[in-house]
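Below is one structure, written out as structure tokens; comments come after it.
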Amino acid sequence: MNENKIVIAILIAGLSVSAAIYFGGKQNEKVPSVSLPGITESQNTVTPSLASSPSASISPTVVFDDLTPIALAIGKEFGTDSEKYIITKSKQIGDYAIGGVTEQGAQGGAQWWGVVENGVWKYIYSGQSYPNCSIVAPYQIPRELLESCMDDATNTLRQL
């Protein structure tokens, strides 16, 4: 039992260090973020921006930058005020994305995964460790965003 705790502690520490290195190196990039001072439900809008190539065949990619639904879901999951979170999106592939969540004024944080459904971000998971496979199984999260999950039955890391 102690061996499992040690493995989990090492995984959490490794993820924390990796996230700090990854997000620390991203300071020069413009990363969409949301800080929620008094957002009401009627203000939750999605503003898509289209990016396309100048070639004859245009295939637009819709980028959703309103991360308010992610902040609201994280606040609801932890029973806290969503306004205290800073949510950033670090990478989006298709309708799926990974990003960071930090409490305002705090150091450290966690990662979140989400998917765009019906034009709105839907929260999948956030944490400092790998999500349980049962949580991410209903989704087709690209391997570039999530390579592994924790097997619910064996509590070991399983590649997706």
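Just so you know, all these numbers are worked out from the coordinates, no wet-lab data involved. The structure displayed is predicted, hence computed values, not measured ones. All Cβ positions, glycine included, derive from the backbone under ideal geometry; neighbour counts span all protein chains shown.
Filtering the range 140-160 to residues that are within 14 Å of Gly114 (Cα to Cα), surrounded by fewer than 12 Cβ atoms within 10 Å (Cβ to Cβ) and β-branched (Val, Ile, Thr) leaves nothing. Within the range 73-131, being without any contact (Cβ under 8 Å) to a residue 12 or more places away in the chain and in a helix (DSSP H, G or I) holds for Gly75, Lys76, Phe78. Give the residues of the range 132-160 that are in a strand (DSSP E or B) and under 14 Å from Ile8 (Cβ atoms), sorted by residue number. Hits for the range 132-160 are Asn132, Ser148, Cys149, Met150, Leu157.
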